[in-house]
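Have a look at the structure below before the remarks.
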Amino acid sequence: MADGSSEETQRATENLAAFEARHTPRGLLIRYARGRISNFGTRQILTAAGAISLGILNAPWVGALSVVFALIGEAVDCLYLRHLLQKLQKGAADAPLRRNSSITAALQALSISCCVILAWVTDDDGSTTFFALAYLTAAAMNAGLVIAFHRQATVARLAVYGLTPFVLFGYDLVVEQTYYFGHDLFGVGIMGYVTYVLIKFFSDVHKKQKDTTRALLERQTALAKNATELRAQQLETRKLALVAQHANDSILITSPDWRVVWVNKAFSQQTGYSLSTISGRKPSEFLHGPRTNPDAVARIDLATREGRAHRDEIINYTATGREMWVEVNLVPIVNADNKVEMIISIEREITAAKTYARELAKAKQAAELAAQAKSDFLATMSHEIRTPMNGVIGMAELLCEAELDSQSQLYAETIRSSAEALLSILNDILDLSKLEAGKLDIVPIRFDPATAIADVVRLFQTEAMSKGLELRFEKGNDLPKMVMGDAGRLRQILLNLIGNAVKFTSKGDIRVQAECEETDRGYVLTIAVADSGIGIDAKMLEHVFDRFTQAETTTTRRFGGSGLGLTISKKLAKLMGGDIFATSIPEEGSIFTVSVHLGYAADADPETPTTSRESAPDVTTINEDIAPPRELRVLVADDNAINRMLLEKVLGSVHLTTLFAEDGQEALDMTLAHTPDVVFMDMSMPRMDGLEATRAIRLQHIEQPVIIALTANAFDTDREKCSEAGMDGFLSKPVRRPQLLEQLSAVARARNLAEPTLLAGAVTEDGT
């Protein structure tokens, strides 16, 4: 059907195009030439009749000569017109050809006029006068028949024919000296008028016929196009009807006042309502129920009144009362007057999606609770493990400082080193947990990168020398004096990388090379740690940064370690805007390259926390009447007896006054009673915890002590809680004697008190 309509439209269009082509100036010229050529024989009948008449009326030679004149004119005209058609067929321009054909038309008319003049001048008795004028009139009428096709040629012929009578009358006047041609002149006028009327009639008829034909062809073309479009619309409508009828989504068509007009099969299957049972009813009457959201209904009604499309989600009910979530897409159909003609509603059931979304939300909540439980577990385990570890390491250090035989000294050192290894693993696990939870922050400070790297290298010099290794730091000339970055985290990365290099290298050397490149945002510091150790197999190289992974299982057994160091280092490097890459050749060595982004800083000495104090007077100049500075009073608040005993042993080795409290309430009471200078406060204690006790102390109108958190909790959030409660410092268990003494010395200097010094006979950290 569509193909037939297309062919009909094409035919009508082609007919109209052909008609227009025939009536263009070029098309009319072609039709003129072809008409003149094809009617050549018909015109010669008139020529022959005229010649015979002249032969009878005048003389035979007159008739013969007129035939010669007429044929010459016709031959010239028709031969050129044949040439004209050939030129047009080859694409020649039609304007010059039209002009030349007008000239040949004038020549052809001139040949006819010669015949008329010949008949006029050879007439002795006036018998051929009427004949000559009649013949001339017939020729003019014949010329006027083609005025619609070639106006210039017609005008040329009529001009020649119009001048001919005046030539005849002039001949009579001059040669024959006949002055009485009034009747002939009147006859010429009548014949000229008749010729004009006839030519105008032919011209009007041709124009009317052309206009009528054009209008008919245009109407036929328009009708054909309309028919084609109508058939296409019918086909499209049929397709849309089939799609709507067999669509999986429910389709509901209603009137502007929400009366059901049509529903598809999917709607009936989904809701259980057939068109016959709901036709003319409003959807709200049978689809809405107790849990249908009235706000959603209001939004749908508003969109419909405004004539705009709308999407919403709403609860509908089936014929059996089943509740279902539906995604509704409304499209109001608006007419030219901007009024809603109908409403098309496409509905898709999303009950399963809603159920899945609820389950996903529950799963997300469960995952968040699990993550929180993990964090809480790690915090608790950190506290619970660090508390006994504090006792183990502390007592092991005390044992190492005691006078023991060599065998017992070895046992004590083994206990201490094992506890230190266990604490290192615990710290790695906590760092990894904080990195993955996004709770580890980068704290930038001003520092000298060369000094920071050299300090870490220096820590491993003794161990490297004991293994016969050469450990050297090769500083690049482009290292800036001062940068902004987290020096502590950079130190942690280098401790892992250099520590691994020393651990896994048995002979040869270890080189630490540092270079720096300046960018528009700061610096990119690149540090390469190259060793001549055991190397890493290519298959394992891409996994060395995975958690709990080492190159081989035997590596763990041989060298130990948690397998978390590189994982943490890579995450820290990325947190600092860089990364770590590794290259290695088994049995030849490895190169670990770390890059971090650092900021600009003023070219000055690094900032270091200092505590100012007045210079102590020289002993030789002290007046005997001036009492020496008193000792520090230190209060230790800890509910763990082992920790108290350990701190009592550590603090008992220096000149101090020490007090002990078993919980926060007792710490508050003893602070009020003894006004200590320093309080080491545990966070987790019965009756009143360390945070609450600190807040209570800060509210008292006393000389406020320096309160330092002494806790097994090691998270940054714990530090923040301590700071918010009013504490001045934070020490994580296990606490070493140097850390304690450093804190106590800083307080003593700030308060102009006697700095804590070792008692006579006390053993220092290095055993002296």
*Residue list for the range 183-216, restricted to those being surrounded by 15 or more Cβ atoms within 10 Å (Cβ to Cβ) and either outside the structural domain of residue 136 (by TED's automatic domain parsing) or small (Gly, Ala, Ser) (or both)*: 187, 192, 203
_Residue among 71, 84, 97 that alone is touching a helix residue (DSSP H, G or I) at 6+ places or on another chain (Cβ under 8 Å) and surrounded by fewer than 16 Cβ atoms within 10 Å (Cβ to Cβ)_ = 71
_In the range 447-469, residue nearest to the chain's Cα centre (by Cα) [restricted to those that are at pLDDT below 90 and of a type in the set (D, E, K, R)]_ = 455
*Where residues in the range 53-105 are outside any helix (DSSP H, G or I) and in contact (Cβ under 8 Å) with a residue 24 or more places away in the chain, which of them is farthest from residue 155 (Cα to Cα)?*
59
*Residues of the range 222-276 being modelled with pLDDT under 90 and of a type in the set (Lys, Arg), which ones?*
225, 231, 238, 239, 265
*Among residues belonging to the range 322-342 that are farther than 16 Å from residue 251 by Cβ and at pLDDT below 90, point out the one that is surrounded by the most Cβ atoms within 10 Å (Cβ to Cβ).*
340
*Give the residues of the range 463-487 that are outside any loop (DSSP other than H, G, I, E, B) and closer than 16 Å to residue 504 by Cα, sorted by residue number.*
463, 464, 465, 466, 470, 471
*How about the range 298-330: which of its residues are more than 19 Å from residue 270 (Cβ to Cβ) and either under 34 Å from the mean Cα position of the chain (by Cα) or among the aliphatic types (A, V, I, L, M) (or both)?*
298, 299, 302, 303, 304, 306, 307, 308, 309, 310
*Can you name every residue in the range 493-513 that is over 14 Å from residue 592 (Cβ atoms) and among the polar types (S, T, N, Q)?*
506
*Of all the residues that make up the range 654-673, how many are at pLDDT below 85 and over 18 Å from residue 753 (Cβ atoms)?*
0
*Would you mind finding the one in 266, 319 that is in contact with a Ser or Thr (Cβ under 9 Å, 6 or more places away or on another chain), of a type in the set (Gly, Ala, Ser), surrounded by 12 or more Cβ atoms within 10 Å (Cβ to Cβ) and in a loop (DSSP other than H, G, I, E, B)?*
319
_Criterion first (touching a residue at least 24 places away in the same chain (Cβ under 8 Å), of a type in the set (D, E, K, R) and in contact with a strand residue (DSSP E or B) (Cβ under 6 Å, 6 or more places away or on another chain)) does residue 313 satisfy it?_
yes
*Within the range 331-360, how many residues turn out to be under 23 Å from residue 264 (Cα atoms) and part of a loop (DSSP other than H, G, I, E, B)?*
1
*asked:* Pull out all pairs, ordered by first then second residue, where Cβ-Cβ is under 6 Å, the residues are six or more apart or on different chains, the first lies in the range 693-708 and is loosely packed, with under 15 Cβ neighbours inside 10 Å, and the second is in a loop (DSSP other than H, G, I, E, B) and not β-branched (Val, Ile, Thr).
replied: 698/726
*For the range 698-748, how many residues are at pLDDT below 80 and of a type in the set (Gly, Ala, Ser)?*
3
*Examine the range 253-262 for a residue that is among the β-branched types (Val, Ile, Thr), free of Cβ contacts under 8 Å to residues at least 12 places away in the same chain and either part of a strand (DSSP E or B) or surrounded by fewer than 16 Cβ atoms within 10 Å (Cβ to Cβ) (or both), and state whether such a residue exists.*
no
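The values are calculated or read from the model by the stated rules, or taken from the named source; none is laboratory data. Remember, it's a predicted structure, so these values are computed and weren't measured experimentally. Note: ideal-geometry Cβ built from the backbone for every residue, glycine included; neighbour counts use all protein chains shown.
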